[in-house]
Amino acid sequence: MKLSKGTITALIIVGIVLMIFLWIKGGYNTMVRLEEQVTTSWSQVENVYQRRADLIPNLVNTVKGYAAHEREALEAVVNARAKATQTTIDPQNLSADQISKFQQAQGGLSQALGRLMVVVERYPDLKANQSFLELQSQLEGTENRITVERQKFNESAKFYNTTIRQFPKNILAGMFGFERKAYFEAQEGAQNAPVVEF
């Protein structure tokens, strides 16, 4: 059976259209998968920050039992925790400005915790308390997890951003509204070593 020129032309056109459809479908699905990875990574970042926030009331209560007259340091931690837990970001709006606000709130909590740990140094009985030691160990582990999850988030955001900016997927990204995701960045002054004075 011999095919006519019209049938051959129609088959070629259908083949080309099918190839274009499959390319668009594959590119779109890849970008959706990568965007979901960024969202999942962000959720994990929030999860470890929440873990830290959940440890703080126990830490404050333990310290309060030993250092009740250190009210200012305790209140600073409680207030910083409240501010940090109120600052949330919609994963679909991971702009540099939003991440910066989140980072500032979490940084305020880190600073308040640091000041509280300085206060703790004045109380040897507290430093020897098993509950305090366990909480301190959990808090240190959580800080390490925060670093790891932030790094994972940045890696997934980088992979996503690279994909949507590469040709020809950048055309699809523009057509379907895929936008660049922001990264966690070091806060101002982080490159300078802290000054320790005795």
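FYI, it's all coordinate maths here, none of it is from the lab. Since the structure is predicted, the reported quantities are computational estimates derived from the model, not experimental observations. Cβ: placed from backbone, ideal geometry, glycine included. Neighbour counts: every protein chain shown.
Given a cut-off of 29 Å, name the pairs among 83/152; 101/152; 5/169; 2/169; 83/127; 25/101 whose C-alpha atoms lie farther apart than that in the structure shown.
Flagged as over cut-off: 5/169; 2/169; 25/101.
If each DSSP helix of 4+ residues adds -39,500 (n - 2.57) and the sum is divided by the residues in the chain, what number results at 222 nm, nearest 500 deg cm²/dmol?
-27000 deg cm²/dmol
Of the candidates 81, 180, 33, which one comes out as most mobile in a Gaussian network treatment of the chain with C-alpha springs shorter than 10 Å?
Highest fluctuation of the listed residues: 33.
Can you give me the Cα centroid spacing of the stretch 81-141 and the stretch 28-57 in angstrom?
18
Based on other C-beta atoms within 10 Å, arrange 146, 171, 56 from fewest to most.
171, 146, 56
Go through 112-120, 5-13 and give me the packing order, highest mean Cβ count within 10 Å leading.
Working: 112-120: 17.2, 5-13: 10.0.
Peptide ranking by packing, descending: 112-120, 5-13.
I'd like the orientation of helix 71-86 relative to the chain: the angle between its Cα long axis and the longest Cα principal axis, in ° from 0 to 90, rounded to 10.
For 71-86 against the chain, the angle is about 10 degrees.
Put +1 on the Cβ of every Lys and Arg and -1 on every Asp and Glu Cβ in the stretch 48-161; which of 49, 102, 79 then has its Cα farthest towards the positive end of the dipole?
102
Determine the sum of side-chain charges near residue 67: Lys and Arg each +1, Asp and Glu each -1, restricted to other residues whose C-beta is under 13 angstrom from that of residue 67.
0
Relative contact order for the stretch 48-161: what is it in percent, counting Cα pairs under 8 Å that are at least 6 residues apart? Kindly include the intermediate steps, with their values, before the conclusion.
On the way: 75 pairs, mean separation 43.6, N = 114.
In percent, rounded to a whole number, it is 38.
Taking only C-alpha pairs under 8 Å that are 6+ residues apart, what is the relative contact order of the chain in percent?
Computed value for the chain: 31 percent relative contact order.
What is the angle, in °, between the Cα long axis of helix 130-165 and the longest principal axis of the Cα atoms in the chain? Nearest 10 is fine, range 0 to 90.
20
Run the dipole for the chain about the Cα centre, Lys and Arg Cβ at +1, Asp and Glu Cβ at -1, nothing else charged, and hand back the magnitude in debye, nearest 20.
That gives a dipole near 1120 debye.
Which residue, 15, 65, 174, tops the fluctuation ranking in a GNM of the chain built on C-alpha contacts under 10 Å?
Result: 15 has the largest fluctuation of those listed.
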